[in-house]
Structures are given as structure tokens and as C-alpha cells.
Amino acid sequence: MDKREYERQVRSLVNAGRLKFSQHVLRDHPERDITPLEVRECILRGTLQSMPVLTIKGDWKAEFFRHAAGHGLTVVVALQVETRVVVVTAY
């Protein structure tokens, strides 16, 4: 999948409310103090930093980056094609 198609599918699903957060994001790093709104804005308004990579689970994974409010945010998402977007991690 090319970057343009990946971005289009991810943003379309996020806008449709099909965004899910992994347990890793929700539980493992509360000290990062990253809000769901910041993650959503990073995906919708940020820059796709890497080429999408097909995982062994059949998902497409890539990183988005956005600089806002004085700091940079990187969000790694897995696209479950035509189903939903899963936030794998954010830092």
C-alpha cells in the first residue's frame, strides 16, 4: 500500500469514529500524559513519517508525527483495512 492510500484510509476511518487504543497505550505509559484528542489530531493533521509496512497479522502499520503545543508527538497506528485504526503506541 502506498503512503497516499494509507493516509486516506486511516483518516477516513478516524473521522468515522473507528479509532481504537491498544492496551499498551491505555495502560503502560500514563506518565506520557498524551490525550486521545492529541492522538486523533496527530493522525488527522500530522505527517506520515514512514512507509506503511504489512505486519504478520495482516495489518498495515506506520508512524504519524505532529508538532503542536511546544512538543512533538509520534503515533504508531495499525490499519485494519476497511475496519478500524488501532493506536499501537504514542510518544
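What do you reckon, is Glu7 among the acidic types (Asp, Glu) and over 14 Å from Tyr91 (Cα atoms)?
So Glu7 passes the test.
Which of (1) closer than 15 Å to Thr89 by Cα; (2) polar (S, T, N, Q); (3) in contact with a strand residue (DSSP E or B) (Cβ under 9 Å, 6 or more places away or on another chain) is the odd one out, the single condition Thr47 does not satisfy?
Going through the list (1) closer than 15 Å to Thr89 by Cα; (2) polar (S, T, N, Q); (3) in contact with a strand residue (DSSP E or B) (Cβ under 9 Å, 6 or more places away or on another chain), Thr47 breaks only (1).
Could you go through the stretch 22-31 and let me know if any residue there is of a type outside the set (Phe, Trp, Tyr), loosely packed, with under 12 Cβ neighbours inside 10 Å, out of contact with any Pro (no Cβ under 8 Å at 6 or more places or on another chain) and at positive phi.
So far as the stretch 22-31 goes, no, none of its residues is of a type outside the set (Phe, Trp, Tyr), loosely packed, with under 12 Cβ neighbours inside 10 Å, out of contact with any Pro (no Cβ under 8 Å at 6 or more places or on another chain) and at positive phi.
For the stretch 57-74, enumerate the residues that are aliphatic (A, V, I, L, M) and modelled with pLDDT of 95 or more.
Ala62
Pull out all pairs, ordered by first then second residue, where Cβ-Cβ is under 9 Å, the residues are six or more apart or on different chains, the first lies in the stretch 68-91 and is in contact (Cβ under 8 Å) with a residue 40 or more places away in the chain, and the second is hydroxyl-bearing (Ser, Thr, Tyr) and surrounded by fewer than 17 Cβ atoms within 10 Å (Cβ to Cβ).
Note: pairs meeting the criteria are Val86/Ser22; Val87/Ser22; Val88/Ser22; Thr89/Ser22; Thr89/Thr74; Ala90/Thr74; Tyr91/Thr74.
Val87 fails exactly one of the following numbered conditions: (1) hydrophobic (A, V, I, L, M, F, W, C); (2) in contact with a helix residue (DSSP H, G or I) (Cβ under 6 Å, 6 or more places away or on another chain); (3) surrounded by fewer than 18 Cβ atoms within 10 Å (Cβ to Cβ). What is the number of that condition?
Just one mismatch for Val87, condition (3).
Just need a number here: residues in the stretch 12-23 that are within 13 Å of the chain's Cα centre (by Cα), within 19 Å of Thr89 (Cβ to Cβ) and assigned to a helix (DSSP H, G or I).
Number satisfying all stated conditions: 2.
List pairs: first residue in the stretch 1-12 and charged (D, E, K, R), second residue buried (at least 16 other Cβ atoms within 10 Å of the Cβ) anywhere in the structure, Cβ distance under 8 angstrom, at least six positions apart or on different chains.
As it stands, the answer is Asp2/Pro52; Lys3/Leu48; Lys3/Pro52; Lys3/Ala62; Glu7/Leu48; Arg11/Ile43, since those pairs meet every condition given.
Where the second residue is modelled with pLDDT under 95 and surrounded by 12 or more Cβ atoms within 10 Å (Cβ to Cβ) and the first is polar (S, T, N, Q) and lies in the stretch 16-29, which pairs have Cβ atoms under 8 Å and are six or more apart or on separate chains?
Ser22/Val86; Ser22/Val87; Ser22/Val88; Ser22/Thr89
The values are calculated or read from the model by the stated rules, or taken from the named source; none is laboratory data. Predicted model only: the values in this text are computed from it and were never measured. FYI the Cβ positions are ideal-geometry reconstructions off the backbone, even for glycines, and counts take in every protein chain you see.
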